[in-house]
Amino acid sequence: MSEVLGLRERKKLRTRHALIAAALRLFTEKGYEETTISEIATAADVSTRTFFSYFASKEDVVFHNSRAGLDRALAVIAGHGPGDRAVDLLERAIDAGFALLAVDEDLRREMTPINHLVMTVPSLRARALLMLFDSQRELAEALHRACPGELDLVEAAAAVGAVVGGGKLAALTSMNAGASAEETLRAGRRATEFVLAGLRAGLPAVR
């Protein structure tokens, strides 16, 4: 029985990957607005009904992995120890997100087309900005809960915004200059290290 369930799960995963690959290819070839859900389903060799079993909309395909790095980062913060400094905890949380991209070839391959879509399609850009705000708010609240004696909520928000915002802007700048996915990751990591060094020097000791 467990083997049958395993086969089913693998089939579902293959279908999901096929839908994502077909959608990104069609978005690149035809344009996001011009591509229909029916066309995506046909290109993935499934029915439109099957598409809706995996995704609620075209937007959901674009942002299918949006919480992967965030959930890892939140798990790192939630597992903090009593002696952890906020800046060190934030660094480990950010590292967890970069580590996911480093080992997941599919995510790296999708980076360029997804970021191009986000930068050129107004509705996707709006959703991306909202998701960025929400993710930084979640991280800031988690960091404050983990280190309440070191950072108040405003300071936690400022620290998270500086690190996450700096890393994302550096990565997008690198990508827009024609860098590869690996070079883009290195640029984002270098930017976060730069900001973290400043925070480490500037954050006060525990109140």
- prompt: How many of the residues in segment 1-25 are more than 22 Å from the chain's Cα centre (by Cα) and among the hydrophobic types (A, V, I, L, M, F, W, C)?
  reply: 4
task: Report yes if Arg72 is more than 30 Å from Glu33 (Cα to Cα), in contact with a Leu (Cβ under 9 Å, 6 or more places away or on another chain) and in the same structural domain as Ala181 (by TED's automatic domain parsing), otherwise no.
output: yes
- request: Tell me which residues, restricted to segment 168-188, are within 10 Å of Thr112 (Cα to Cα) and either outside the structural domain of Leu70 (by TED's automatic domain parsing) or touching a helix residue (DSSP H, G or I) at 6+ places or on another chain (Cβ under 7 Å) (or both).
  value: Leu172, Met175, Ala179, Ala181, Thr184
query: Looking at segment 102-114, is at least one residue free of Cβ contacts under 8 Å to residues at least 60 places away in the same chain and closer than 20 Å to Ala162 by Cα?
result: no
field: Single residue of Leu124, Leu143, Leu151 found to be over 13 Å from the mean Cα position of the chain (by Cα), crowded, with 18+ Cβ neighbours inside 10 Å and not in a helix (DSSP H, G or I)
entry: Leu151
query: Is there any pair with a first residue in segment 51-66 that is hydrophobic (A, V, I, L, M, F, W, C) and a second that is surrounded by fewer than 16 Cβ atoms within 10 Å (Cβ to Cβ) whose Cβ atoms are under 8 Å apart and which are 6 or more apart or on different chains, and what are they?
result: Phe63/Met131
query: Taking the stated definitions as given, is Leu101 assigned to a helix (DSSP H, G or I) and either over 29 Å from Ala22 (Cα atoms) or among the small types (Gly, Ala, Ser) (or both)?
result: no
Every residue from segment 174-203 that is farther than 14 Å from Asp95 by Cβ, assigned to a helix (DSSP H, G or I) and either in contact (Cβ under 8 Å) with a residue 24 or more places away in the chain or not hydrophobic (A, V, I, L, M, F, W, C) (or both): Ser174, Met175, Asn176, Ala181, Glu182, Glu183, Thr184, Phe194, Gly198, Leu199, Arg200, Gly202
Residue in segment 76-83 that is assigned to a loop (DSSP other than H, G, I, E, B), over 30 Å from Arg190 (Cβ atoms) and touching a residue at least 40 places away in the same chain (Cβ under 8 Å) present: no
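The values are calculated or read from the model by the stated rules, or taken from the named source; none is laboratory data. Just so we're clear, the structure is a prediction, and the values are computed from it rather than from any experiment. Quick reminder, even Gly has a Cβ in these numbers, built from the backbone with ideal geometry, and neighbours come from all protein chains shown.
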